[in-house]
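All remarks here apply to the structure that follows.
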Amino acid sequence: MYDEQQQAEHGPLAGFTVGVTAARRADELGALLQRRGAAVLHAPALRIVPLADDSELLAATKEIIQRTPDVVVATTAIGFRGWIEAADGWGLGEDLLARLREVELLARGPKVKGAVRAAGLTEQWSPSSESMAEVLDRLLEEGVDGRRVAVQLHGEPLPGFVEALRAGGAEVLGVPVYRWLPPEDIGPVDRLLDATVSRGLDALTFTSAPAAASLLDRAEERGLLPELLAALSHDVLSACVGPVTALPLQARGIDTVQPARFRLGPLVQLLCQELPGRARSLPIAGHRVEIRGHAVLVDGELRPVPPAGMSLLRALSRRPGWVVSRAELLRALPGTGRDEHAVETAMARLRTALGAPKLIQTVVKRGYRLALDPAADAKYADA
């Protein structure tokens, strides 16, 4: 098939730009995206600060040693390892491990399970879905009334998790192993926001709820929140690794997509399906033209196009086959120039980039139009 052939040649994400907000494993996610052809813009929306010397973590650790809980929930591998290492630093490591051997120890997913076993412990249970919702369901089915449950937090209180346990009658102790803070250098985040608002991105990826919340907060600080929400609502796809990550966006009315398995690989595969499916594909002058984020596929050949040219092409494709005036195309160009000669210059470069000048027709004294194939004219006549 044509789609399979073109993907084999240049990757399913070729021509698309994807933003990465992750602080952890950003290199891994970026490499997965680039391997499939995407251009990647990375800006960690927050940073992780370990709490090895934090009084809250020390107090929670001492309380667990002095009053052994019934259940301990380990939520992240990095957090669980950090907790054990911090306890060792305080001279409490052996005491903590002894208590954890006495409790019902639940591990959310295989990576956490690996960290638990590396510490010489054995989990009683781990969900196949890697979902905190499944962990919660198990605890509530067992019954938590009167039980003490310690939960290793990952950066922020888990939305709804602790509240549901307390509503079920549990005494809940949070174990704050690390904290999310804004990045020390806010510049990359601001550039990511600017690219999103200007539609320079096709998708934004989120791997944690705090990162999503942090990006929204920064947009609000800069007075860009309405523009950001508009971009994410209509033009820039929000791809989240799971439902908890999506909560801050959904609270603002933003629709998100999520893979069935909450891992980086499935997240990238989801983008490989979603972004090409959102691209505009048109029969023009005997060619099949697919308009992507910063490039165009002409009969399956990837043709990079400058930003000004992409702006013109999008304006023309909104009404395929219809004449678009120079004045309207000038408004579509980046910047606030008034000289319609800028349209002619950008149009000449666009035609060169496409490698097929006849795709766009000049209509004397009126403007330009996409040379839509006659068979397709009727379909778009009322567009």
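The values are calculated or read from the model by the stated rules, or taken from the named source; none is laboratory data. Everything quoted here is computed from the prediction, not taken from an experiment. Note that each Cβ is placed from the backbone with ideal geometry, even for glycine, and that neighbours are counted across all protein chains shown. In case anyone asks, the SASA skips ligands and DNA or RNA and just uses the protein heavy atoms, side chains included. Shrake-Rupley method; radii C 1.70, N 1.55, O 1.52, S 1.80 Å.
Return yes when L229 is in a helix (DSSP H, G or I), over 16 Å from A26 (Cα atoms) and open to solvent by less than 10 Å² (accessible area, probe 1.4 Å) and no when it is not. Write out each step before concluding.
On the way: in a helix (DSSP H, G or I): yes; over 16 Å from A26 (Cα atoms): yes; open to solvent by less than 10 Å² (accessible area, probe 1.4 Å): no.
The answer is no for L229.
For region 347-354, the count of residues that are surrounded by fewer than 13 Cβ atoms within 10 Å (Cβ to Cβ), at pLDDT below 90 and not aromatic (F, W, Y) is zero. For region 48-55, the criterion of being over 26 Å from G242 (Cα atoms), assigned to a helix (DSSP H, G or I) and of a type in the set (D, E) is satisfied by no residue at all.
Residues in region 128-138 that are within 19 Å of H154 (Cα to Cα) and in contact with a strand residue (DSSP E or B) (Cβ under 8 Å, 6 or more places away or on another chain): V135 alone. Restricted to region 318-342, and to residues that are under 17 Å from T362 (Cβ atoms) and part of a helix (DSSP H, G or I), which residue is least open to solvent (accessible area, probe 1.4 Å)? Among residues in region 318-342 that are under 17 Å from T362 (Cβ atoms) and part of a helix (DSSP H, G or I), the one least open to solvent (accessible area, probe 1.4 Å) is L329.
Restricting the search to region 108-119, which residues are closer than 15 Å to G82 by Cα and either touching a residue at least 24 places away in the same chain (Cβ under 8 Å) or open to solvent by less than 70 Å² (accessible area, probe 1.4 Å) (or both)? Let's see the steps before the verdict.
Our first condition is that a residue be closer than 15 Å to G82 by Cα; within region 108-119, this holds for 111-119.
Answer for region 108-119, where residues must be closer than 15 Å to G82 by Cα and either touching a residue at least 24 places away in the same chain (Cβ under 8 Å) or open to solvent by less than 70 Å² (accessible area, probe 1.4 Å) (or both): K111, V112, K113, G114, A115, V116, A118, A119.
Determine whether region 78-88 contains at least one residue that is more than 27 Å from R24 (Cα to Cα), part of a helix (DSSP H, G or I) and of a type outside the set (F, W, Y). There is no residue in region 78-88 that is more than 27 Å from R24 (Cα to Cα), part of a helix (DSSP H, G or I) and of a type outside the set (F, W, Y). When the residues of region 165-196 are filtered to those that are farther than 22 Å from L229 by Cα and part of a helix (DSSP H, G or I), the one that is most open to solvent (accessible area, probe 1.4 Å) is R166. Is it true that some residue in region 67-76 is surrounded by fewer than 22 Cβ atoms within 10 Å (Cβ to Cβ), part of a helix (DSSP H, G or I) and not charged (D, E, K, R)? No, the conditions are met nowhere in region 67-76.
Scan region 360-375 residue by residue and report those that are exposed (fewer than 11 other Cβ atoms within 10 Å of the Cβ) and under 15 Å from H341 (Cα atoms).
From region 360-375, those exposed (fewer than 11 other Cβ atoms within 10 Å of the Cβ) are 364-365, 374-375; that's our starting set.
The answer is V364, K365.
Residues that are assigned to a loop (DSSP other than H, G, I, E, B) and of a type in the set (V, I, T) were ranked within region 240-265; the one that is least open to solvent (accessible area, probe 1.4 Å) is I254. Within region 217-240, residues that are at pLDDT 95 or above have Cβ atoms under 7 Å from residues that are part of a strand (DSSP E or B) and β-branched (V, I, T) in these pairs: L237/V257; A239/T205; A239/V257, counting only partners at least 6 apart in sequence or on another chain. Residues in region 197-213 that are open to solvent by 30 Å² or more (accessible area, probe 1.4 Å) and in contact with a strand residue (DSSP E or B) (Cβ under 7 Å, 6 or more places away or on another chain): G200 only.
Figure legend. Inter-residue proximity from region 321-348: first residues in contact (Cβ under 8 Å) with a residue 40 or more places away in the chain, second residues surrounded by fewer than 13 Cβ atoms within 10 Å (Cβ to Cβ) and aliphatic (A, V, I, L, M), beta-carbon distance below 7 Å, spacing 6+ or different chains. Indicated pairs: V323/V363. Within region 285-296, can one find any residue that is in a helix (DSSP H, G or I), modelled with pLDDT of 90 or more and crowded, with 18+ Cβ neighbours inside 10 Å? No, region 285-296 has no match at all. For region 73-122, taking the residues that are within 31 Å of the chain's Cα centre (by Cα) and among the polar types (S, T, N, Q), the one that is nearest to R138 (Cα to Cα) is identified as T75. Here R148 meets each of (1) open to solvent by 60 Å² or more (accessible area, probe 1.4 Å); (2) closer than 22 Å to L96 by Cβ with one exception, condition (1).
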